[in-house]
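Chemist: Quick one: the structure is below, questions incoming.
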């Protein structure tokens with residue numbers, strides 16, 4: 001049986017499921033006692049406590065509910081870069097498709113948000129297998145390239161989705177950092193469980209070019225001819241600062257930040273994520 005995908009936060013769904021709800025209900029996991037008040041369900045009265053203390057206490061349990069997961073995919077031009085067999089986009093699509101399959105298989109709902117310069121596609125979360133097929137069929141048809149609209153897309157998602165959900169973002173995050181952090185914070189403010197898969201190509205973090213090259217902006221008309229050995233140290237310095245600042249900001253907001261290289265083993269990336277999620281379950285409130 002496949003490893004389930006758990007939320008780190010309480011979810012608010014409409015049917016029973018694997019994930020804790022912020023509301024009390026009936027399940028197998030005990031939460032706390034509270035004193036009886038007239039009108040309470042006597043079936044939840046703890047008779048053993050009554051016999052020992054002559055006081056009326058009820059058992060409270062964690063209500064369990066279903067998860068709604070939104071998979072937000074960055075379709076900008078920089079996601080099409082690759083020094084290997086697959087682009088960052090293709091690596092992200094593989095992760096997204098597998099996670100969407102797992103979510104719907106376990107009875108939860110999965111949706112797809114494709115973000116280019118504008119929102120390219122917005123499939124609301126659904127639980128049925130036919131919706132999964134629609135989601136998977138939509139991925140290869142997404143229009144790719146052009147400037148990023150990630151910040152605006154995430155702000156829009158935070159405005160639309162008011163009920164708690166898991167928001168899983170796949171992006172290389174190549175945009176202005178302050179606006180990006182603002183959009184991520186907006187999602188956290190709405191009490192969503194935010195996961196950021198930060199995808200990078202190995203060449204982007206190693207910069208192992210050994211001859212003069214023309215670097216072309218994949219999201220605009222700019223190009224630059226330069227000697228890589230001259231700018232390498234400065235490039236790596238700025239890149240390290242960018243990654244460290246992004247990771248620190250995510251940690252401060254409680255975002256599950258995961259830096260992924262397209263050279264990483266896909267199955268290990270997926271397994272590590274699911275195993276870590278299973279350890280925390282839905283214990284965070």
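Taken together, the values in this text are just the output of simple stated rules run on the coordinates, not laboratory data. This is a predicted model, so every value here is computed, not measured. Glycine gets a Cβ as well: all are built from the backbone with ideal geometry, and neighbour counts include every protein chain shown.
Chemist: Taking R0 as 35 Å, what's the FRET efficiency between residue 248 and residue 211 from their Cβ-Cβ distance, rounded to 0.05?
Modeler: Efficiency, rounded to the nearest 0.05: 0.50.
Chemist: Evaluate E = 1/(1 + (r/R0)^6) for residue 265 and residue 222, where r is the Cβ-Cβ distance and R0 equals 45 Å; express this FRET efficiency to the nearest 0.05.
Modeler: Computed FRET efficiency for residue 265 and residue 222: 0.85.
Chemist: Arrange 137, 193 by Cβ neighbour counts within 10 Å, fewest through most, would you?
Modeler: Ascending Cβ contact count within 10 Å gives the list 137, 193.
Chemist: Taking neighbour Cβ counts within 10 Å as the exposure measure, how do 190, 159 sort from fewest upward?
Modeler: 159, 190
Chemist: Evaluate 2.2 N^0.38 Å with N set to the residue count of the range 167-285, then give the Cα radius of gyration divided by it.
Modeler: Taking the Cα Rg and dividing by 2.2 N^0.38 Å, one obtains 1.25.
Chemist: Next up: Taking the Cα centre of each part, how many Å lie between the range 137-163 and the range 241-281?
Modeler: That distance is 20 Å.
Chemist: So if R0 is 22 Å, what FRET efficiency would residue 83 and residue 230 give, r being the distance between their Cβ atoms, rounded to the nearest 0.05?
Modeler: 0.60
Chemist: What is the spin-label model distance, in nm, from residue 122 to residue 238 if the labels are put 7 Å beyond Cα along the C-beta direction?
Modeler: For residue 122 paired with residue 238, the spin-label model returns 3.4 nm.
Chemist: Which ordering of 225, 49 is given by a fewest-first count of other beta-carbon atoms within 10 Å?
Modeler: In increasing order of surrounding Cβ atoms, one gets 225, 49.
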